[in-house]
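S.K.: Sharing a structure, written as structure tokens. Questions coming.
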Amino acid sequence: MGFRQLLVGVLGTLLMVLNMLFWVPLLLVVAVVRLAVPIPAFRRLMAPVLASIVGAWVTCNSTGMALTQPTRWDVAGFEGLERDGWYMVSCNHQSWVDIVVLQRLLNGRIPLLKFFLKRELIWVPLMGLAWWALEFPFMRRHSEAYLRAHPDMRGRDHEATRRACAKFAEIPTSVMNFLEGTRFTVDKHASQNSPYKHLLKPKAGGMALALNAMGEKFRAVLDVTIVYPDGIPTLWDLLQGKVSRITVRARLLPIPRELIGADYSGDPAARVAFQTWVARIWQEKDDQIGRLLG
């Protein structure tokens with residue numbers, strides 16, 4: 001059984017790498033042409049071409065995994081989504097497998113997912129170039145201690161987020177936000193003294209900033225909950241076919257009108273209102289995870 005899983009994992013990895021080697025160069029060619037022609041109308045025209053390439057890439061990845069992994073999917077709540085609007089996508093975060101799950105289920109249903117990434121990820125071979133080509137924003141993540149020592153750096157990520165949102169507002173986009181800010185682990189959960197049983201504390205600032213910059217564009221928050229009934233897997237676990245079940249639930253949440261355009265950083269009342277709204281969503285998600293885990 002161990003050898004068979006190793007063989008499946010090697011095959012799955014090979015398929016993923018070959019797929020990347022095929023699509024990333026094509027993606028880069030189109031991206032360079034788009035950047036080389038400084039005409040806004042041309043750039044807007046080329047954006048759907050890039051999105052189509054990514055869509056084909058994700059479809060091939062999903063097909064390869066379906067052929068090699070015997071995972072049973074229990075999915076609900078993805079009806080009624082549209083490809084020609086803007087969505088704020090929120091999800092709990094446990095593993096790199098979450099990205100695979102989201103791409104598989106949302107590909108072709110909503111516009112291309114855009115992630116805010118740690119700057120260090122730009123050095124990931126090939127994938128860093130792909131993220132750059134797709135204009136994913138790369139953020140510098142500083143500790144609170146560092147920011148206290150260098151207060152001039154405190155607003156840099158906010159400004160980078162605003163610049164990214166200005167680009168996102170040009171064409172339909174799905175802005176991905178992991179409110180926890182990091183992957184869930186038992187140690188992190190304990191160190192935070194999280195009030196939630198299955199989740200880390202949410203960090204509302206990033207979502208608030210995006211809603212401040214382009215809230216009128218978003219149709220809704222697409223709230224996704226991912227559960228791994230047999231334990232949180234690694235990507236290698238998935239590639240080996242060890243993930244027998246994945247449960248996913250989604251729902252569309254209206255954005256309170258009073259929070260659109262609200263000044264989260266400068267208005268204490270707006271900050272409390274936003275944190276209260278997010279805390280309610282997170283408590284409902286925590287309760288739902290408990291029910292899904294039985």
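Read-outs throughout are calculated quantities, based only on the coordinates presented, and are distinct from any laboratory measurement. All values reported here derive from a predicted model rather than from experimental measurement. Using ideal geometry, Cβ is built from the backbone for each residue, glycine included, and neighbour counts are taken over all protein chains shown.
S.K.: Cα-Cα pairs above 15 Å in region 1-89: how many percent?
M.R.: Numbers: 2811 of 3916 pairs.
Here the tail beyond 15 Å accounts for 72 percent of pairs.
S.K.: Which aspartates and glutamates, on any chain, are close to K217 with Cα under 16 Å apart, when same-chain ones fewer than 8 places away are left out?
M.R.: Within reach: E82, D84, E170, E258.
S.K.: While we're here: Between region 250-285 and region 6-42, what's the alpha-carbon centroid distance in Å?
M.R.: Measuring centre to centre over Cα atoms gives 36 Å.
S.K.: Could you pull the Rg and Dmax for the chain, using just the Cα atoms, both in Å?
M.R.: Cα radius of gyration and Dmax of the chain are 19.5, 58 Å respectively.
S.K.: What net charge is computed for the residues neighbouring A51, neighbours being all others with C-beta under 14 Å from the C-beta of A51, Lys and Arg scored +1, Asp and Glu -1? Could the numbers behind the result be given before it?
M.R.: Values: positive: R34, R43, R44, R83, R109, K114, K167; negative: D84, E135, E170.
Result for the neighbourhood of A51: +4.
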